[in-house]
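S.K.: Before I ask anything, let me first share the structure, which is written out below as structure tokens.
The values are calculated or read from the model by the stated rules, or taken from the named source; none is laboratory data. Quick caveat, the model's predicted, so the values are computed rather than measured. Reconstructed Cβ throughout: ideal geometry from the backbone, glycine too, with neighbour counts over all protein chains shown. The accessibility values were calculated without ligands, DNA or RNA, using every heavy atom of the protein model including side chains. Shrake-Rupley method; radii C 1.70, N 1.55, O 1.52, S 1.80 Å.
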Amino acid sequence: MTAPSLSYAVESACSLGLLAPHRERTASMRQAFEERTGAFGPDDAWFEARSRAFWDDALTRQGFARHVVAELPEGAQPWAEAFAHAHRGLFYASLTMGRRLVTDLWSGAEFIVDEVDEAMRTALDAPAGPFDGRLVALANPIRVGLLPGAIFHPPDAAEPIEDILRAARQQAMATDDVLDALLRMDLSLRSLARVKVSYAYQTRALARPG
């Protein structure tokens, strides 16, 4: 039997996170995400995008999908189990032989993506810089999906990001630490008036604020 869509699994798990038994855990996960990537609120223009990114983080890195897997509809459980093994990367997307290819600038890995929701498909088709995203996969048959909370860096950040990645490799930084730092830089760019990309995206900003 074919598992339901990735979108169905994501929506099912996120809905559980809003219910009373899980609200305290959800608030704690949100706080942890903001401490690593920067605070945001309902009045921010980027609130929806950051909220989706938070749920990507909660379902994968923070283990919420695995925590609630027994409460999920049976059809959503295979994807939820896969969330624990998600691959996070800084990707560019392209089309090859009619299929969507994503290339990870950080690890060098390439993936053919089978499942992308409509909003993310539109974003991938628009001109954009590299994006911070998470891929999950089912084994039988092989299906790779992109979670819906990818954050797109501005196109003119591509060059400084190359320098930042080079510095991060020299420092042997972990993937999550590097990509969290880039999310903080993105937030600085968006939240500070008239800040240039070259000011927000700097190697010195790799360090997590104390």
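S.K.: Which one, 181, 93, 193, has the greatest fluctuation when you compute a Gaussian network model over the chain with C-alpha springs under 10 angstrom?
M.R.: 193
S.K.: Which ³J(HN,Hα) values, rounded to whole Hz and listed in residue order, are derived for region 87-93 from phi using the Karplus coefficients 6.51, -1.76 and 1.60 in 6.51 cos²θ - 1.76 cosθ + 1.60 with θ = phi - 60°, glycine and proline given as x?
M.R.: Computed from phi, the couplings for region 87-93 are 9, 9, x, 10, 10, 10, 10 Hz.
S.K.: Using only Cα atoms, what is the ratio of the radius of gyration of region 1-103 to 2.2 N^0.38 Å? Mind dumping the intermediate values first?
M.R.: Values: Rg = 15.1 Å, N = 103, 2.2 N^0.38 = 12.8 Å.
It is 1.18.
S.K.: To the nearest 10 degrees, how steep is helix 6-17 against the longest Cα principal axis of the chain, on a 0 to 90 scale?
M.R.: Approximately 90 degrees, to the nearest ten.
S.K.: How high is the relative contact order of the chain? Use alpha-carbon pairs under 8 Å, at least six apart in sequence, and give a whole percent.
M.R.: Reported relative contact order: 19 percent.
S.K.: Can you work out D for region 132-210 in µm² s⁻¹ from Stokes-Einstein, where Rh is the Kirkwood radius over C-alpha pairs, the temperature is 37 °C and the viscosity is 0.692 mPa s?
M.R.: Answer, rounded: 236 µm²/s.
S.K.: If you fit an axis through the alpha-carbon atoms of helix 158-170 and take the longest principal axis of the Cα set of the chain, what angle between them do you get, 0 to 90°, nearest 10?
M.R.: For 158-170 against the chain, the angle is about 80 degrees.
S.K.: Ignoring everything except DSSP H segments at least 4 long, calculate the 222 nm mean residue ellipticity for the chain; use -39,500 (n - 2.57) per segment, divide by total residues, nearest 500.
M.R.: Per the formula, -13500 deg cm²/dmol.
S.K.: Tell me, what ³J(HN,Hα) does each residue in region 22-30 have, in order and in whole Hz, if you take phi through Karplus 6.51 cos²θ - 1.76 cosθ + 1.60 with θ = phi - 60° and put x for Gly and Pro?
M.R.: 10, 5, 5, 5, 4, 4, 5, 5, 4
S.K.: Between the helical axis of 47-59 and the dominant principal axis of the chain, each derived from Cα atoms, what acute angle in degrees is found, rounded to the nearest 10?
M.R.: Once rounded, one gets 60 degrees.
S.K.: Rounding to the nearest 20 debye, state how big the charge dipole of the chain is about its Cα centre with +1 on each Lys and Arg Cβ and -1 on each Asp and Glu Cβ.
M.R.: So the magnitude is around 400 debye.
S.K.: Right, another one. So for each of 47-59, 102-114 I average, over its residues, the number of other beta carbons within 10 Å; can you give me the resulting order with the highest mean first?
M.R.: 47-59, 102-114
S.K.: For log10 I(q)/I(0) by the Debye sum over Cα atoms at q = 0.08, 0.16, 0.17 Å⁻¹, one of (i) -0.27, -1.11, -1.24; (ii) -0.36, -1.14, -1.22; (iii) -0.23, -0.99, -1.14 was computed from the structure I shared and the rest are decoys. Which label?
M.R.: Recomputing log10 I(q)/I(0) by the Debye sum over Cα atoms at q = 0.08, 0.16, 0.17 Å⁻¹ here picks out (i).
S.K.: Just want the answer: with Cβ charges of +1 for Lys and Arg and -1 for Asp and Glu, which residue in 173, 75, 91 is farthest toward the dipole's positive end in the chain?
M.R.: So the residue furthest toward the plus end is 173.
S.K.: Between residue 115 and residues 5 or more places away or on another chain, which pairs have amide H atoms under 5 Å apart, with H built 1.01 Å from N, and which residues are they?
M.R.: Counting only residues 5 or more places away or on other chains, the set is 144, 145, 146.
S.K.: Just to check I understand the Karplus step: with θ = phi - 60° and J = 6.51 cos²θ - 1.76 cosθ + 1.60, what whole-Hz values come out for region 100-115, glycine and proline as x?
M.R.: 8, 10, 10, 10, 8, 5, 7, 9, x, 6, 10, 9, 8, 9, 9, 10
S.K.: So with the 1.4 Å probe, I'd like the accessible area per residue for region 71-210, rounded to whole Å².
M.R.: Details: 7190 Å² over 140 residues.
Here the per-residue accessible area is 51 Å².
S.K.: Here is a further query. Test of understanding: in a Gaussian network model of the chain with alpha carbons linked when under 10 Å, which of 60, 96, 37 would top the mean-square fluctuation ranking?
M.R.: Taking springs between Cα atoms under 10 Å, the residue moving most is 96.
S.K.: Another one. Considering only the other residues whose Cβ falls under 15 Å of the Cβ of residue 6, what net charge follows from Lys and Arg at +1 and Asp and Glu at -1?
M.R.: Cβ neighbours under 15 Å give a net charge of -2.
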